[in-house]
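Single-structure report; data block below.
The values are calculated or read from the model by the stated rules, or taken from the named source; none is laboratory data. Predicted model, so just to flag it, every value in this text is computed and none were measured. Heads up, the Cβs are rebuilt from the backbone with ideal geometry, glycines too, and the neighbour counts pull from every protein chain shown. Protein only, heavy atoms only, side chains kept; ligands, DNA and RNA dropped before computing areas. Shrake-Rupley method; radii C 1.70, N 1.55, O 1.52, S 1.80 Å.
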Amino acid sequence: MGKHKYYYQRLTDDVVVTKSQEYHLPENYTIFPHSLGGRIWSKIVRFLAHLISIIYIRLILRVRIVGKSKLSLLSDQGYFIYGNHTQAFGDVVLPLSIISASDYYAIGSQANWSLPILGKLVLPYFGLPVGQNLNQSGKLIKAVTAVIKAKKVVVIYPEAHVWPYYTKIRPFPATSMHFPVMLAAPSFAMTTTYSKPKRGTKPKMTVYIDGPFYPDTNLNKKQAQKKLHSQIHQTMQKRALLSDYEYCTYQKIN
């Protein structure tokens, strides 16, 4: 039996609500640090985040990562990683146990930038905020394009909202595949699963890396998004079947 119980109406609901849910960045925000101090801090914070990932992901959560070697096949180009969103803090630092800290960028909701430490000292150097209007969406497109052209990695949690320790894959739209299709870039699936522990109640966590998946350039944009979405979503659903332990329970209400 799970330790915590969550209630939802739709699988797209946000079950973890914060005070700053409606936070918006100022219209003139910049995505990459341009000042000398910002560039220096970017290197420092990436190093510190890597250390935190080692401590939190490997030593505290004791996550086992399967298939990491598949990423080395694309070490000479930029790519995307799609993951299921089941850890509030863990999903921020998990990729740092999988890819180089210098390569890591993540697309996230602007609400995350309101968090006291994470939003002020970390996300401005890792994060790519989702746009709230055409101008901001244009900033995101330019930023993601620059990251992929620089042979870096963009991490996306397409379910958008965190559902702690959830063992299934929630629906997400085919438009989540907009960037890989637009840039003709490969993608990987990163699926977190939960299994019964030998002792205690905290589940064992295993992360599976699958791919690469390539957009079909013979299809139009909408069809290519739909095909890539189907490949990644089905792969994640198949991996999620390996979960056999519910640490948190979820109940649908009317």
Q. About its Cα centre, how strong a charge dipole does the chain have in debye, to the nearest 20, once Lys and Arg get +1 and Asp and Glu get -1 at the Cβ?
A. 620 debye
Q.
Spelling out what I want: for every residue of region 118-130, take phi, set θ = phi - 60°, compute 6.51 cos²θ - 1.76 cosθ + 1.60 (Karplus), and round to whole Hz; glycine and proline get x.
A. 4, x, 9, 10, 10, 4, x, 10, 10, x, 10, x, 5
Q: Leaving ligands, DNA and RNA out of it, report the carbon-plus-sulfur percent of the accessible area of the chain at a 1.4 Å probe.
A: 58 percent
Q) Taking region 39-88, which trypsin sites (Lys or Arg not before Pro) meet the DSSP loop condition and have no more than 14 other C-beta atoms within 10 Å? A) 62
Q. Taking a probe of 1.4 Å, how large is the accessible area per residue of the chain, in Å²?
A. 53 Å²
**Q.** Contact order relative to length of region 1-115, as percent, for alpha carbon pairs under 8 angstrom and 6 or more apart
**A.** 41 percent
**Q.** the chain, relative contact order [Cα under 8 Å, separation at least 6], %
**A.** 29 percent
**Q.** ³J(HN,Hα) computed for each position of region 56-61 - Karplus, 6.51 cos²θ - 1.76 cosθ + 1.60, integer Hz, glycine/proline x
**A.** 6, 6, 8, 9, 8, 7
(Q) Skipping prolines and chain starts, which residues have an amide H placed within reach, meaning under 5 Å, of the one on residue 172, given they are 5 or more residues away or on another chain? (A) none
**Q.** Sequence of 253, 60 from largest to smallest accessible area, 1.4 Å probe
**A.** 60, 253
(Q) Within region 109-196, count lysine pairs with alpha carbon atoms under 27 angstrom apart where the residues are 8 or more positions apart or belong to different chains. (A) 11
Q: Could you work out the mean projected area of the convex hull around the alpha carbons of region 1-82, in square nanometres to one decimal?
A: 10.3 nm²
Q: Could you work out the per residue convex hull volume over the alpha carbons of the chain, in cubic angstrom?
A: 138 Å³
